[in-house]
Amino acid sequence: MSMRRSLALSICFLISSLATGAPRPAAGTAPAAPLPVEYFTHYETFSNAKISPSGQYIAYLTGDYGRTMLVVSRLKDLKAVGGVRCSMTYEIYDIDWVSPKRLIYRVGQRWPGMAVPTATGEIAAVNIDGSHHKLIYGFRAGAGQSGANPHPRKASYASADLVSTLKKDDRHILIAEHPWLHRTDGYYYDPDAKPTVYQLDVLTGRKATAESVPLADATVLVDRDDNVRFAVGQNDKFKVAVSWKPTPDSEWKAFELPGFRKESIVPRLFGEDNKSILFTGVREGETYAALYRLDLESTKVSKVFAFDNADVNHLIRDFSGTRAIGVVGYTDKPIYHWLKKDDRAAITYAALLRAFPGQQVSITSHSEDGRLAIVFVDSDVNPGDYYLFDTQTMKARYLQSRKRWIDPAKMRRKTAFTMKARDGVELHGYVTRPKGDGPFPLVVLPHGGPYDIRDTWDFDWETQLLASRGYAVLQVNFRGSGGYGMDFEAAGYRQWGARMQDDITDATRWAIEQKIAQPDRICIYGASYGGYAALMGVVREPKLYRCAIGYAGVYDLELMLKTADIPLSKSGRAYLKKALGNDHEEMRSRSPVYNADKIQVPILLIHGKEDWRADYRQAKRMKAALESHHKKFEWMALKGEGHGVYNEKTLQEVYERILQFLEHNDGPRKAAPAE
C-alpha cells in the first residue's frame, strides 16, 4: 500500500446534528420475493457500538457504505450529541473510548488497488461534544504545524496498534508503532519491522517512548500495571520467538517454551498475580490450541483448559477487563466454557445465551462499573442486533441492527455437515438450501484465504442471495482451512489444485449423493483463492460442473511469486514457499492458465484492475489462455476496484451479472417460491 505525501490534510470533520437510524421493519414488510439484489449487497448502516465508561453515552459507526460517520448519542433517549463525518475517500473503521468524555478513532482510506478503505495507520481523537477534534498520530499528524510551536510534532510513517487505553490515565494511551517500508514509489506496511511502544497524548498527539520490542511484527502484552513485559513475534531468522521482561526495568530475555509449536503461541492476558501470563498454543503431538498458564519466575507451564475438538479462540474477561472468566471455541457453532461460573460477567453471559437461544452473543463493551453493557446478537439468518443490557435488572433494550432491512424470517438456515474425503480425512462444512424440495441447482462456493480461514455459521449475505434465487449453496472447509487444528491446516500446504481441490470435488459428489444437488445443474464460484479453486475445479473435473466463476482469482501460481503485495516482504516470500513450494513444473501443472485446454464449460472472469493481492495480470493471462483455446467465457473488468469490490453500485452490478451468468448456464428456470 503506497502512502503518498500529496494527499489532502482534511480528512474528517465535525457534524453538529444527526438523526438516528429508523427501527427495523416489522416482520412481513420486506419486499416480495424475489428480493432485489441490493437488499443483500447494501452495506451495513450501524456497527461497532460501544458504551462510554460512564454508561451515559454510546458511540457507533453509520452512514454511506456503513462506516463514514462516528456518532455519539445519549443512551437515555438515543439523541445524537456529536460526531465526525469523513469525506468520500476516507472512512472510520474502529473506535475506542479512552475516557468518559473522549474517544479515539482509526482512519481508513480508499487507496488505488484496494477494494475497501484500509487503515492508514492514523489515529484521531474527539470529545463527545465534538470539541478538541485532532489528528493525534500518523503520517499527516505532524504536517501544517506553526513554526512558533517550540515542540512541533513529527509525522509518523507507521501503523499503530492500540496496546492499552490506560484506565488510570485519561490523558494517554499505549500504542505499538510498526514502521513502514520506504520505497521509491511511496511507503508500504512492513511485516518485518520491529515495533516500538509509545505513550501517546490523546489531546496533543505528543508521544514518548515506553518500550522497544526486539521481535518483528510482534504482539505485545502489558501486565496489570500497564507495563509492556511480554512479546511474541519473529526473530532475525524469521522464526516465531518469545521475549519477556522479569521486571519493567529489566532487559528483554529470549524465552523458550519447549514442547510447543511456536507459531501457535498467542499471548492473551497477565495473570492476577502479575507474575504469570495466560497464552494459547498447541503442544507438539496435539492438534488444537489450549489455554495455558506460564509462571514467569519458575517458567513452569500448566494447562488451564482445552476443548476436545476445537481451538481455544478467545478469552472472555470480567467487567474489570483483568480476569479471564471463560473461553470460546468454534466447532460448527461457537462453544463456551466458564472458568469462573460465579463471576458477574459469566452470569450475565449465561443469561444472555438463554435469552437468545440459537444465536451467538457477545458483549462489545460495558460501563466502568459493569452495570450496563452493549450486547451483540447474531446468527446464520440474523446479520446482528445491538442491545443495551442492564446487569442488575437483567433486562435488554433493543438499540439498532446492522442491516435493519433484513428480516431473519425470510432468510435460509445454514445446516452443518460432516463427511469423509476419499482418503478418509474428515471434512466439515455448511449447506444453505432454498425454499422448496430438493434436489436443487447447486452453487459450490469455496472460500478464499486459503489458510487459517474457514467458512462459519455466521450470516452470509452472498449465500442468502443465491438461496433467494433457488440455489442450494455448498461451503466445505477443505484441508488447509483454519479452525480444525494445525495438522489440518498444514495438510493444505503445497496442495493447491491437488488434495485441497479433491476435498471440494468430494464434497460436491457428497451433495449429489445426499439428494441436495441436481447432478446436471452444478456450478462452482469463488473469490480470491476461491476463484482459483473454481477454475481448477473445471480443469480437474470437466464433467462435474456446468459453469465456473472466478472473482479476483489467482490463475498462474508462478506469477503469484513475483507480483502483488505478498512477495514484497521476507515473511511474505517465506509464506509463498511454504504454501506453494519451489517446484515450478508442479506449479504450472496446477495453474488454470496452463490447463485452459481442459476446460469444457462456460467461464465468467471478474477482476479489479487495481487488485493489490491477486494482480490484474492474473485475470488477463487467464483470459488470453481461454481465447487461445477458443473457450467460451465472459469478462468483467472493474475499473477503480481492487481485491474485491467497494463501490456499492458496482457490487450490485457484479452480483446481477453473476446471477445472469448462472441462470443462462443452467440456473433455475423460474423464480424461487414466494416468501
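Among the residues of the range 467-499, those identified as under 22 Å from the mean Cα position of the chain (by Cα) and of a type in the set (A, V, I, L, M, F, W, C) are VAL473, LEU474, VAL476, PHE478, MET486, PHE488, ALA490.
Only one entry in ILE504, ILE549, ILE516 is closer than 18 Å to ALA579 by Cβ, touching a residue at least 60 places away in the same chain (Cβ under 8 Å), assigned by TED's automatic domain parsing to the domain that holds PRO450 and β-branched (Val, Ile, Thr), namely ILE504.
Restricting ARG479, ARG494, ARG469 to residues that are in contact with an Asp or Glu (Cβ under 7 Å, 6 or more places away or on another chain) and touching a residue at least 24 places away in the same chain (Cβ under 8 Å) narrows the list to ARG479.
Could you tell me whether the range 173-183 includes any residue that is part of a loop (DSSP other than H, G, I, E, B), of a type in the set (A, V, I, L, M) and at pLDDT below 95? So far as the range 173-183 goes, no, none of its residues is part of a loop (DSSP other than H, G, I, E, B), of a type in the set (A, V, I, L, M) and at pLDDT below 95.
Of all residues in the range 588-608, none satisfies being free of Cβ contacts under 8 Å to residues at least 60 places away in the same chain, closer than 29 Å to VAL240 by Cα, among the polar types (S, T, N, Q) and surrounded by fewer than 21 Cβ atoms within 10 Å (Cβ to Cβ).
Let me confirm something: among LYS340, LYS395, which residue is over 30 Å from VAL304 (Cα atoms) and not small (Gly, Ala, Ser)? The unique qualifying residue is LYS395.
The single condition among (1) within 29 Å of ALA216 (Cβ to Cβ); (2) of a type outside the set (A, V, I, L, M, F, W, C); (3) touching a residue at least 24 places away in the same chain (Cβ under 8 Å) that PRO334 does not satisfy is (1). Quick one: is PHE319 within 26 Å of the chain's Cα centre (by Cα), farther than 30 Å from LYS245 by Cα and either among the aromatic types (Phe, Trp, Tyr) or assigned by TED's automatic domain parsing to the domain that holds PHE46 (or both)? For PHE319, the condition - within 26 Å of the chain's Cα centre (by Cα), farther than 30 Å from LYS245 by Cα and either among the aromatic types (Phe, Trp, Tyr) or assigned by TED's automatic domain parsing to the domain that holds PHE46 (or both) - is not met. For the residues ARG283, ARG268, the requirement of being surrounded by 15 or more Cβ atoms within 10 Å (Cβ to Cβ) and touching a Lys or Arg at 6+ places or on another chain (Cβ under 8 Å) singles out ARG283. Within the range 391-445, the set of residues being of a type in the set (Gly, Ala, Ser) and touching a residue at least 12 places away in the same chain (Cβ under 8 Å) comprises ALA396, SER401, ALA409, ALA416, ALA421, GLY429, GLY436, GLY438. Residues in the range 328-338 that are over 20 Å from the mean Cα position of the chain (by Cα) and of a type outside the set (Ser, Thr, Tyr) were compared, and the one that is surrounded by the most Cβ atoms within 10 Å (Cβ to Cβ) is TRP338. Taking the stated definitions as given, is ALA619 touching a Lys or Arg at 6+ places or on another chain (Cβ under 8 Å) and in a helix (DSSP H, G or I)? Judged against the criteria, ALA619 is not a match. For the range 188-245, residues that are assigned to a strand (DSSP E or B) and either touching a residue at least 12 places away in the same chain (Cβ under 8 Å) or not assigned by TED's automatic domain parsing to the domain that holds HIS172 (or both) total 32. For the range 354-368, a tally of residues being within 21 Å of ARG323 (Cα to Cα) and either touching a residue at least 60 places away in the same chain (Cβ under 8 Å) or not in a strand (DSSP E or B) (or both) returns 5. Within the option set LEU638, LEU626, being within 26 Å of PHE40 (Cα to Cα) and not charged (D, E, K, R) holds for one residue only, LEU638.
Restricting attention to the range 369-382, the residues that are surrounded by fewer than 20 Cβ atoms within 10 Å (Cβ to Cβ) and free of Cβ contacts under 8 Å to residues at least 60 places away in the same chain total 1. The condition (being more than 30 Å from LYS245 (Cα to Cα) and not acidic (Asp, Glu)) is satisfied by just one residue among ALA289, ALA346: ALA346.
Quick grid of which residues meet (1) of a type in the set (S, T, N, Q); (2) in the same structural domain as ARG657 (by TED's automatic domain parsing); (3) within 25 Å of TYR655 (Cα to Cα):
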{"residue": "MET536", "(1), (2), (3)": "no, yes, yes"}
{"residue": "MET560", "(1), (2), (3)": "no, yes, no"}
{"residue": "THR563", "(1), (2), (3)": "yes, yes, no"}
{"residue": "ILE606", "(1), (2), (3)": "no, yes, yes"}
{"residue": "GLU610", "(1), (2), (3)": "no, yes, yes"}
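Across the range 558-594, the number of residues qualifying as in a helix (DSSP H, G or I), in contact with a Lys or Arg (Cβ under 6 Å, 6 or more places away or on another chain) and either modelled with pLDDT of 90 or more or farther than 23 Å from ASP452 by Cα (or both) comes to 2.
Hey, does the range 454-461 have a residue that's in a loop (DSSP other than H, G, I, E, B), among the hydrophobic types (A, V, I, L, M, F, W, C) and under 21 Å from GLN360 (Cα atoms)? Yes: one or more hits.
Restricting attention to the range 43-76, the residues being outside any loop (DSSP other than H, G, I, E, B), under 15 Å from ALA125 (Cβ atoms) and small (Gly, Ala, Ser) number 1. Checked against the criterion of being under 15 Å from PHE478 (Cβ atoms), within 26 Å of the chain's Cα centre (by Cα) and in a strand (DSSP E or B), the candidates ILE524, ILE549 yield just one match: ILE524.
Considering the range 336-353, and only residues there that are hydrophobic (A, V, I, L, M, F, W, C) and at pLDDT 95 or above, the residue that is farthest from ARG293 (Cα to Cα) turns out to be TRP338.
The values are calculated or read from the model by the stated rules, or taken from the named source; none is laboratory data. All values derive from a computational prediction rather than experimental measurement. With ideal geometry, Cβ positions are generated from the backbone for all residues, glycine too; neighbour counts draw on all protein chains shown.
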